[in-house]
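*Asks:* First, the structure itself, so that you have it in front of you.
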Amino acid sequence: MHADDNVAIVANDGGLPPGTVLADGLVLREAVPQAHKVALRDIAAGGDVLRYGVPIGRAKEAIAAGRWVHERLLDMPAARTLDGLPMATGAGVVQPPLEGLSFQGYRNADGSVGTRNLLAITQTVQCVAGVVGIAAERIRRELLPQYPNVDGVVALEHGYGCGVAIDAPDAVIPIRTLRNIARNPNFGGEVLVVSLGCEKLQPQRLLPPGSIPLMNGGADEPDVVCLQDDAHVGFQSMVDGIVARARVHLARLDARRRETVPASELVVGVQCGGSDAFSGVTANPAVGYCTDLLVRAGATVMFSETTEVRDGIAQLTARAATPEVAQAMVREMAWYDAYLQRGSVDRSANTTPGNKAGGLSNIVEKAMGSIVKSGSAPIVGVVPPGERATQRGLLYAATPASDFICGTLQLAAGMNLHVFTTGRGTPYGLEACPVVKVATRSELARRWHDLMDVNAGRIADGEQTIEEAGWEMLRLLLAVASGERTWAERWKLHNQLVLFNPAPVT
């Protein structure tokens with residue numbers, strides 16, 4: 001990956017046996033699994049193991065050229081301090097605008113654009129989730145056939161709303177997350193709220209008047225069904241009430257039509273999950289190239305996952321468009337460092353057994369492969385967890401690395417299209433937003449042929465360049481934004497919303 005590297009990964013399916021002679025004459029001393037590292041030259045005990053041109057660890061013992069280099073042979077470097085970082089040094093690459101790109105989207109009252117036309121049924125508390133789920137299924141079965149221009153009904157189930165310290169300082173994060181998810185462009189302002197009645201998160205606190213610009217000059221307050229109202233006599237009455245209210249919203253949504261809008265209206269969240277050592281070789285660099293194309297087209301791209309970029313913080317602050325943006329990134333990293341410290345863990349808690357089986361020795365190596373999803377453009381803004389993005393360009397959306405929490409927070413930030421790379425494989429999906437799945441390896445793309453939308457493994461196979469893969473991805477994103485369905489959408493695969501709640505539970 002870099003001229004200074006003293007390790008490389010094995011690309012071959014199934015790995016390579018001992019005695020294999022590589023192109024440069026190096027002989028493998030032991031079997032090396034696919035995606036795992038082999039020493040290209042002798043590394044002394046205590047010496048740096050270099051991948052991506054950076055130390056990903058120090059050798060616990062002398063490692064001879066041709067040996068398998070795995071996590072048990074490495075000591076992980078300490079995290080980079082947040083002091084003395086390069087701040088907005090102009091490292092971001094400004095490329096010429098890319099004009100003429102467009103897609104077919106839904107223009108909203110607040111000026112945002114949706115890639116889907118969905119009715120959202122949000123909730124103030126988990127207590128109503130069962131009722132909402134049954135009502136949503138009845139709406140899909142009985143009402144949706146009457147409204148062919150509506151793409152679906154999304155029940156925004158979550159685990160918050162009561163039994164929590166709702167006035168604690170950090171409680172603002174889950175509350176604003178739920179509020180901003182209801183404002184997601186794919187819902188078009190047509191949000192139906194279901195409340196129990198006695199919960200701490202009352203509808204007026206979740207969605208104060210004016211928080212969602214409604215369609216067609218609708219009322220300034222959200223439409224609320226309260227299950228504890230005296231009018232509801234029995235369970236079926238509750239379901240009937242939700243279904244009846246849904247008709248009004250569905251009728252307005254059904255009157256909408258896609259229109260040609262510039263690619264600058266895209267708000268794309270990029271994320272990786274089930275990562276392997278190929279993630280930083282194929283899929284993530286291709287996403288990074290596509291990120292640069294999107295930014296050149298005026299779109300918004302958000303990269304996230306704090307613990308997965310923490311070890312590249314010096315690269316990020318150097319790419320900040322202004323010192324203020326750099327300081328905002330440092331602030332979010334420092335907050336998260338303190339959050340992890342309260343739990344008596346550090347960033348090393350990130351890596352999973354699957355990451356390690358896929359050749360990633362530690363979080364430093366994982367971070368170097370993850371950060372390339374952000375491309376090379378200047379970082380123009382930072383979105384705190386649960387907040388909504390308010391500017392175009394490349395943004396850092398501060399989220400945990402958890403797939404589900406990251407996706408939930410990117411939805412709150414206004415994401416209308418999602419790109420998700422995976423090496424080990426995951427059926428991850430979001431009901432509120434199309435998810436384009438990118439496989440890092442051709443073997444995964446073949447096995448999961450009806451789950452992966454893009455095979456970036458062709459880069460490692462020598463069949464495609466990173467640039468070609470980036471352009472292919474851009475064309476697919478525009479098609480999906482215009483209504484083409486992803487595999488996850490075809491199978492109706494989606495994960496629940498998972499809120500980030502650092503505040504106490506009572």
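FYI, it's all coordinate maths here, none of it is from the lab. Predicted model, so just to flag it, every value in this text is computed and none were measured. Neighbour counts run over all protein chains shown; Cβ positions are idealised from the backbone, glycine included.
*Asks:* Sequence neighbours fewer than 8 away in the same chain don't count; with that in mind, list the lysines whose C-alpha is under 17 Å from K60.
*Replies:* K37
*Asks:* Also, I was wondering about something else. Would you work out the relative contact order for the range 262-491, in percent, from Cα pairs under 8 angstrom that are 6 or more residues apart?
*Replies:* Taking the mean separation of contacting Cα pairs over the length of the range 262-491, I get 30 percent.
*Asks:* Still on this structure, please answer the following. Using Cβ counts within 10 Å as a stand-in for footprinting exposure, how do K37, K492 rank, fewest first?
*Replies:* In order of increasing Cβ crowding within 10 Å: K492, K37.
*Asks:* Can I ask one more? What net charge do the residues around S361 carry, taking every other residue with its C-beta under 12 Å from that of S361, with Lys and Arg at +1 and Asp and Glu at -1?
*Replies:* +3
*Asks:* To the nearest 20 debye, what charge dipole does the chain have about its Cα centre, counting +1 at the Cβ of each Lys and Arg and -1 at the Cβ of each Asp and Glu?
*Replies:* Taking the Cα centre of the chain as origin, the dipole is about 280 debye.
*Asks:* Which value, in debye to the nearest 20, gives the size of the charge dipole of the range 187-320 about its Cα centre, when Lys and Arg are +1 and Asp and Glu are -1 at the Cβ?
*Replies:* 320 debye
*Asks:* If I model a spin label at A44 and R257 as a point 7 Å from the Cα along the Cα→Cβ vector, what separation in nanometres do I get?
*Replies:* Here the answer is 7.4 nm between the modelled labels.
*Asks:* Near G269, within a Cβ-to-Cβ distance under 12 Å, what is the net charge of the other residues, with Lys and Arg +1 and Asp and Glu -1?
*Replies:* So the environment of G269 carries a net charge of -1.
*Asks:* Once both axes come from the Cα atoms, what is the angle between helix 129-138 and the longest principal axis of the chain, in degrees from 0 to 90, rounded to 10?
*Replies:* The two axes meet at around 80 degrees.
*Asks:* Per 0.36 nm of contour for each residue apart, how much would the distance between A109 and A357 grow if the chain were fully extended, relative to their Cα-Cα spacing?
*Replies:* 84.5 nm
*Asks:* Also: What is the local net charge at A439, summed over the other residues whose Cβ is closer than 14 Å to its Cβ (Lys, Arg +1; Asp, Glu -1)?
*Replies:* -2
*Asks:* Moving to a separate point now. Between T506 and V172, what is the FRET efficiency for a Förster distance of 22 Å, r being their Cβ-Cβ separation, to the nearest 0.05?
*Replies:* 0.85
*Asks:* Roughly how big is the range 106-254's charge dipole about its Cα centre, with Cβ charges of +1 (Lys, Arg) and -1 (Asp, Glu), in debye to the nearest 20?
*Replies:* For this selection, approximately 340 debye.
*Asks:* Ordered by packing density, taken as the mean number of other Cβ atoms within 10 Å over each peptide's residues, highest first, how do 338-344, 499-505, 473-479, 191-197 rank?
*Replies:* Ranked from most to least packed, the peptides come out as 191-197, 473-479, 499-505, 338-344.
*Asks:* Distance between Cα centroids, the range 1-47 to the range 407-452: provide it in whole Å.
*Replies:* Using only Cα atoms, the two centres lie 30 Å from each other.
*Asks:* Let me ask something else about it. Compute the angle between helix 235-254 and the longest alpha-carbon principal axis of the chain, please, reported from 0 to 90 degrees and rounded to the nearest 10.
*Replies:* Here the helix axis deviates by roughly 80 degrees.
*Asks:* Spelling out what I want: for every residue of the range 98-115, take phi, set θ = phi - 60°, compute 6.51 cos²θ - 1.76 cosθ + 1.60 (Karplus), and round to whole Hz; glycine and proline get x.
*Replies:* 10, 10, x, 8, 8, 8, 9, x, 10, 7, 9, 4, 8, x, 6, 10, x, 9
*Asks:* Let me ask something else about it. Just want the ordering: V435, V345, V267, from fewest to most Cβ atoms lying within 10 Å of their own Cβ.
*Replies:* V345, V435, V267
*Asks:* Also, quick follow-up: Ranked by Cβ crowding within 10 angstrom, fewest neighbours first, how are E308, E443 ordered?
*Replies:* Sorted ascending by nearby Cβ count, the order is E443, E308.
*Asks:* Go through A398, T422, S376 and say which Cα lies farthest out towards the positive end of the charge dipole of the range 262-491; charges sit on Cβ, +1 for Lys and Arg, -1 for Asp and Glu.
*Replies:* A398
*Asks:* Okay, moving on. Which FRET efficiency value, to the nearest 0.05, is calculated for W471 and D240 with the Förster distance at 60 angstrom and r the Cβ-Cβ distance?
*Replies:* The formula returns an efficiency of 0.75 here.
*Asks:* Averaging sequence separations of C-alpha pairs under 8 Å and six or more residues apart, then dividing by the length of the chain, give the relative contact order as a whole percent.
*Replies:* Rounded, it is 19 percent for the chain.
*Asks:* Largest first and to the nearest Å, give the Cα extent of the range 106-254 along each principal axis.
*Replies:* Between the extreme Cα coordinates on each principal axis of the range 106-254 lie 43, 39, 23 Å.
*Asks:* If you average the C-alpha positions of the range 455-469 and of the range 338-369 separately, how far apart do those two centres end up, in angstrom?
*Replies:* Each part's Cα centre sits 27 Å from the other's.
*Asks:* Working out 0.36 nm times the residue gap between V93 and D229, then minus their Cα-Cα distance, what length gain in nm do you get to one decimal?
*Replies:* 43.2 nm
*Asks:* Also, quick follow-up: Can you pick out the pairs among K356/K492; K437/K492; K366/K437 whose Cα atoms lie more than 22 Å from each other?
*Replies:* As for pairs spanning more than 22 Å Cα to Cα, those are K356/K492.
*Asks:* Of S275, G189, L294, whose Cα points farthest to the positive end of the dipole of the range 154-305 (charges on the beta-carbon: +1 Lys, Arg; -1 Asp, Glu; origin at the Cα centre)?
*Replies:* So the residue furthest toward the plus end is L294.
*Asks:* Related question: For the range 1-78, what percent of Cα pairs sit more than 16 Å apart?
*Replies:* Considering the range 1-78, 44 percent of its Cα-Cα pairs are separated by more than 16 Å.
*Asks:* Now a separate question. Please sort by residue number the GluC sites (Glu not before Pro) in the range 77-167 whose DSSP state is loop and whose Cβ has at most 16 other Cβ atoms within 10 Å.
*Replies:* Loop-located and lightly packed - E99.
*Asks:* Same structure, new question: Under 8 Å for C-alpha pairs, at least 6 residues apart: give me the relative contact order for the range 106-254, rounded to a whole percent.
*Replies:* Here the relative contact order equals 34 percent.
*Asks:* Among G19, N495, A8, which residue has its Cα furthest toward the positive end of the charge dipole of the chain, with +1 on Lys/Arg Cβ and -1 on Asp/Glu Cβ?
*Replies:* Of G19, N495, A8, it is N495.
*Asks:* Roughly how tilted is helix 172-182, in degrees to the nearest 10 and between 0 and 90, from the longest Cα axis of the chain?
*Replies:* That works out to roughly 70 degrees.
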